[in-house]
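Colleague: I have a structure I would like to understand better, so I am pasting it below and will then ask my questions one at a time.
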Amino acid sequence: MNKTISRGQLLIISAPSGAGKTSLIRALIENDRRIEVSVSHTTRPQRPGEIEGVNYFFVASETFQRLRDDGAFFEWAEVFGHCYGTSTAQLDARLKQGADVILEIDWQGAQQVRSLLPDSAWIFILPPSVASLKTRLRERGQDTDATIDLRMQAAQDEMSHCDEADYLVINDVFDTALMELQAIISAARLRTGRQQTTHTTLLRDLLAPETTTP
């Protein structure tokens, strides 16, 4: 059966800090080689264990502003005083090669992307409760109580936009949330338009008028 490598799909995943988004995405990638995460540029300081070009491209504020002014970013946003941006060239190159690319961005960035690419799939991940979210933030041991309070306020604002997304996943039981994410991605790959591109020859043969032998 002749198949054409179709352009990859763009998957937007948003979640408040502490909802378990990073762990879920890591598991997705381990189980599906077609999925990868877009590496963003950020002005945020590099944290211990983070790798340049793998977690983020860490740049100075002046560099970020220059790239933004030059139109290099597909989308960008400011979060907790630091800027994050997605390189248009990098994203387009990966999609052309058939990769399904995840954008880990907040609701502001998601709105920008949806205005440019309406056929992208926006998935929102939520914690099972406010209490569990706060517990997860404390257990990370990365922030002071004051910073956690700020993150909780930001989480409330972030979660208020969950109804704008296409899909909503509650990360209560990790394995269940992972299966739901995998199901969403599988369904997105089976959209009629994508299948028409992938199976052009097959569909042409199936839909061709049947000829009769005299």
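Colleague: Return the residues of region 57-93 that are surrounded by fewer than 16 Cβ atoms within 10 Å (Cβ to Cβ) and closer than 30 Å to S6 by Cα; say none if nothing qualifies. I'd like the intermediate steps shown before the answer.
Modeller: Step one: list which residues in region 57-93 are surrounded by fewer than 16 Cβ atoms within 10 Å (Cβ to Cβ), which gives 60-63, 65-66, 68-71, 78, 80-82, 88-89, 92-93.
Listed by number, the residues that qualify are R68, D70, G71, T88, A89, D92, A93.
Colleague: I would also like to ask the following. Just to be sure I understand, how many residues within region 166-200 are of a type in the set (S, T, Y), modelled with pLDDT of 90 or more and surrounded by 10 or more Cβ atoms within 10 Å (Cβ to Cβ)? Don't jump to the end; show me each part of the working.
Modeller: So the first thing to find is which residues in region 166-200 are of a type in the set (S, T, Y), and the list is 167, 176, 186, 192, 197-198, 200.
Narrowing the set further to residues that are modelled with pLDDT of 90 or more leaves 167, 176, 186, 192.
Among the residues that remain, those that are also surrounded by 10 or more Cβ atoms within 10 Å (Cβ to Cβ) are: 167, 176, 186.
Residues meeting the conditions: 3.
Colleague: Scan region 167-214 residue by residue and report those that are hydroxyl-bearing (S, T, Y) and either in contact with a Pro (Cβ under 8 Å, 6 or more places away or on another chain) or within 22 Å of E30 (Cα to Cα) (or both).
Modeller: So in region 167-214, the residues hydroxyl-bearing (S, T, Y) come out as 167, 176, 186, 192, 197-198, 200-201, 211-213.
Y167, T176, S186, listed by residue number.
Colleague: Right, G8: part of a loop (DSSP other than H, G, I, E, B) and under 29 Å from G193 (Cα atoms) or not? Break it down stepwise before answering.
Modeller: Values: part of a loop (DSSP other than H, G, I, E, B): yes; under 29 Å from G193 (Cα atoms): yes.
Against the criterion (part of a loop (DSSP other than H, G, I, E, B) and under 29 Å from G193 (Cα atoms)), G8 qualifies.
Colleague: Give the number of residues within region 66-90 that are among the basic types (K, R) and closer than 20 Å to Q111 by Cβ. Reasoning before the result, please.
Modeller: Going through region 66-90, the residues among the basic types (K, R) turn out to be 66, 68.
When the remaining residues are screened for being closer than 20 Å to Q111 by Cβ, the result is 68.
Number of matching residues: 1.
Colleague: Continuing with the same structure: Mind listing whichever residues of region 92-108 are under 13 Å from the mean Cα position of the chain (by Cα) and either under 14 Å from V54 (Cα atoms) or not in a helix (DSSP H, G or I) (or both)?
Modeller: A99, D100, V101, I102, L103, E104, I105, D106 - these are the residues of region 92-108 that are under 13 Å from the mean Cα position of the chain (by Cα) and either under 14 Å from V54 (Cα atoms) or not in a helix (DSSP H, G or I) (or both).
Colleague: Restricting the search to region 70-99, which residues are out of contact with any helix residue (DSSP H, G or I) (no Cβ under 7 Å at 6 or more places or on another chain) and among the acidic types (D, E)?
Modeller: Correct list: D70, E78, D92.
Colleague: Checking K134 against (1) surrounded by 13 or more Cβ atoms within 10 Å (Cβ to Cβ); (2) modelled with pLDDT of 90 or more: exactly one of these is not met. Which one?
Modeller: That leaves (2) as the condition not met.
The values are calculated or read from the model by the stated rules, or taken from the named source; none is laboratory data. Small disclaimer: the values here were computed from a predicted structure and weren't measured. Heads up, the Cβs are rebuilt from the backbone with ideal geometry, glycines too, and the neighbour counts pull from every protein chain shown.
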